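Student: Right, I'll just put the structure down here and ask away after.
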Amino acid sequence: MISRRAQFSNVIVFRTLDPKRVEQFMQYLIQDKNTNAIYVFFIWRGLYKVEVSAGKAVYAPITADMLGTTQPVRELGQALDFMDGIFRREKNVVFIMHGLFQRNELLISAVRSFTFDMELYEKGHTVIIFTESPEVLFDDETLKYLIVQSVPKSTKEERETLLRQIAQSLQLKYENGIADITAGLNLHEV
């Protein structure tokens, strides 16, 4: 988020698909006093507004009135269009997309628009994309205007903490050195 404020780009790409990293980032945003609203688009599941209950993220589906029935916004195009409207009306909104895995011309067009939109920048909006392969989603021309950050799979301390929690919940003894054995795994894989 510091890079977003320091550079002129409204779009940050985190090079990871680890859902634990998304959870960690969500906890950061929940505590960030500069963030007024958080929306998340999950591939297949659709668009959600994140609400906070007891310090934890609760996902409320966004719905659209279609042919007289209320349906969840599940298509990427619908979600991008909805968010464009939110960006025009509100301030300090974070929009997260997770699970995108293939190139989509609509996504590229929207991201290019979001990247260069001075109104979004001035209103403090940020678009976050979690993906393992940004090169698959975006062409080189688009990528050069995005903030792309590689995320470590996991640190020894993170693995150790997680493995201790798992061992405790299963009432097993934690074995020293197991965190070393799991080096190279992301937190979800651990």
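Student: Of Ser109, Ser133, which residue is modelled with pLDDT of 95 or more and surrounded by fewer than 18 Cβ atoms within 10 Å (Cβ to Cβ)?
Tutor: Values: Ser133 fails: modelled with pLDDT of 95 or more.
Exactly one of Ser109, Ser133 is modelled with pLDDT of 95 or more and surrounded by fewer than 18 Cβ atoms within 10 Å (Cβ to Cβ), namely Ser109.
Student: Next question, about the same structure. For region 156-176, which positions are in a loop (DSSP other than H, G, I, E, B) and either in contact with a helix residue (DSSP H, G or I) (Cβ under 6 Å, 6 or more places away or on another chain) or modelled with pLDDT under 70 (or both)?
Tutor: Once the filter is applied, which keeps residues that are in a loop (DSSP other than H, G, I, E, B) and either in contact with a helix residue (DSSP H, G or I) (Cβ under 6 Å, 6 or more places away or on another chain) or modelled with pLDDT under 70 (or both), region 156-176 yields only Tyr174.
Student: Within region 134-153, count every residue that is under 14 Å from the mean Cα position of the chain (by Cα) and not in a helix (DSSP H, G or I).
Tutor: Result for region 134-153: 5.
Student: So, Met83, is that one buried (at least 17 other Cβ atoms within 10 Å of the Cβ), in a strand (DSSP E or B), in contact with a strand residue (DSSP E or B) (Cβ under 8 Å, 6 or more places away or on another chain) and in the same structural domain as Asp139 (by TED's automatic domain parsing) or not?
Tutor: Judged against the criteria, Met83 is not a match.
Student: Given (1) at pLDDT 70 or above; (2) more than 20 Å from the chain's Cα centre (by Cα); (3) outside any loop (DSSP other than H, G, I, E, B), where does Asp180 come up short, assuming only one miss?
Tutor: Of (1) at pLDDT 70 or above; (2) more than 20 Å from the chain's Cα centre (by Cα); (3) outside any loop (DSSP other than H, G, I, E, B), only one is false for Asp180: (1).
Student: Next up: So which of Lys56, Lys91 is out of contact with any strand residue (DSSP E or B) (no Cβ under 7 Å at 6 or more places or on another chain) and in contact (Cβ under 8 Å) with a residue 40 or more places away in the chain?
Tutor: Lys91
Student: Which of (1) modelled with pLDDT of 95 or more; (2) closer than 25 Å to Asp139 by Cα is the odd one out, the single condition Ile38 does not satisfy?
Tutor: All conditions pass for Ile38, except number (2).
Student: Scan region 59-80 for residues that are part of a loop (DSSP other than H, G, I, E, B) and modelled with pLDDT of 90 or more and jot them down. Lay out the reasoning, then the answer.
Tutor: The initial filter retains those residues of region 59-80 that are part of a loop (DSSP other than H, G, I, E, B), namely 62, 67-68, 73-75.
The answer is Ile62, Val73, Arg74, Glu75.
Student: For region 117-128, does any single residue satisfy the condition of being hydrophobic (A, V, I, L, M, F, W, C), without any contact (Cβ under 8 Å) to a residue 12 or more places away in the chain and in the same structural domain as Leu47 (by TED's automatic domain parsing)?
Tutor: The answer is yes; a qualifying residue exists.
The values are calculated or read from the model by the stated rules, or taken from the named source; none is laboratory data. What you see is a predicted model; the values in this text were computed from it and never measured. Don't worry about glycine lacking a Cβ; one is built from the backbone with ideal geometry, like all the others, and counts go over all protein chains shown.
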